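J.: Below are the structure tokens for one structure; questions will follow.
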């Protein structure tokens, strides 16, 4: 189913005649353009034109190698699956949007048709021509859109189913790419580890424990200190001066 989607992508870009190129463009490795031309029974210029058209949308990648004898470059091509799926997804989303718009228009608006000319007109345009055909002059008839809307809805459901399937394929491809990247990263890390100089393992000898010398603590007896009391000097006596008594005056009798 994935290959079918990729063929639809190529058909949209180049045409139905170029869809077989998908069988040759392996997704894992790049293919020589001369081998592609030979298997498709095309000239190298025709093959390159197809590949260049697809390359304009970024759906194929290439690498080139120089021929040492002849001096020219040979191109090797590979299809980009994830980008192709995203391209197809965007295309489907556009189709779904257009179809939903048509269904809404048919369900809400009225259309008129000329039975003889099979000419269809919207109500606005039919009104301009007074509901008569501009080609033959017959009266326009109101068109029944029931069957047409039913068919469009079926087509819409199919497109939505295709979109769901495509989204699943896209997720699978993303997981696959992530795994490849992880594998390459691990490979690079291993190569870098090999290039690094190996360090010699230094075995450390257990250190000999030195005997701990016991410290001898000498206790020195302190001599008792005799407390000497200082003799206090007596305070000098202060001689008090004698207080002179005043003579008492006698009162005279009258």
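J.: First check a/c for the range 2-79, with a ≥ b ≥ c the square roots of the eigenvalues of its C-alpha gyration tensor; if it is under 1.5, answer rounded, and if not, answer prolate when a/b is larger than b/c or oblate otherwise.
T.: prolate
J.: Please give the length that would be gained between residue 151 and residue 96 if that part of the chain were fully extended, namely 0.36 nm times their separation in residues minus their C-alpha to C-alpha distance (nm, one decimal).
T.: Gain in length upon complete extension: 18.4 nm.
J.: Apply 1/(1 + (r/R0)^6) to the Cβ-Cβ distance of residue 189 and residue 29, taking R0 = 22 Å, and write down the FRET efficiency to the nearest 0.05.
T.: 0.40
J.: Could I ask something else about it? Points 7 angstrom from Cα along the Cβ direction at residue 132 and residue 73: gap in nanometres?
T.: Result: 6.9 nm between the two label points.
J.: How far apart, in nanometres, would the label points at residue 20 and residue 44 be if each is projected 7 angstrom from Cα along the Cα-to-Cβ direction?
T.: For the pair residue 20/residue 44, the computed spacing is 2.1 nm.
J.: Work the Kirkwood hydrodynamic radius out for the range 49-90: mean of 1/r over every pair of different alpha-carbon atoms, inverted, in Å.
T.: For the range 49-90, the Kirkwood estimate is 11.6 Å.
J.: Now a separate question. Find the Cα radius of gyration of the range 84-191, compare it with 2.2 N^0.38 Å by division, and give the number to two decimals.
T.: 1.88
J.: Now for a separate question. With the contact rule set at Cα under 8 Å and sequence spacing of 6 or more, what percent relative contact order holds for the range 8-90?
T.: Here the relative contact order equals 32 percent.
J.: Cut-off is 10 Å between beta-carbons; in what order do 152, 164, 88 appear when sorted fewest neighbours first?
T.: Final ranking by Cβ density, sparse to dense: 164, 152, 88.
J.: To the nearest 0.05, how large is the calculated FRET efficiency for residue 115 and residue 65 if R₀ is 45 Å and r is the Cβ-Cβ distance?
T.: Efficiency for this residue pair is about 0.10.
Here, each number is a calculation from the coordinates, and none is a lab measurement. Since the model is a prediction, treat every value here as computed from it, not as a measurement. Cβ atoms come from the backbone with ideal geometry, glycine included; neighbour counts cover every protein chain shown.
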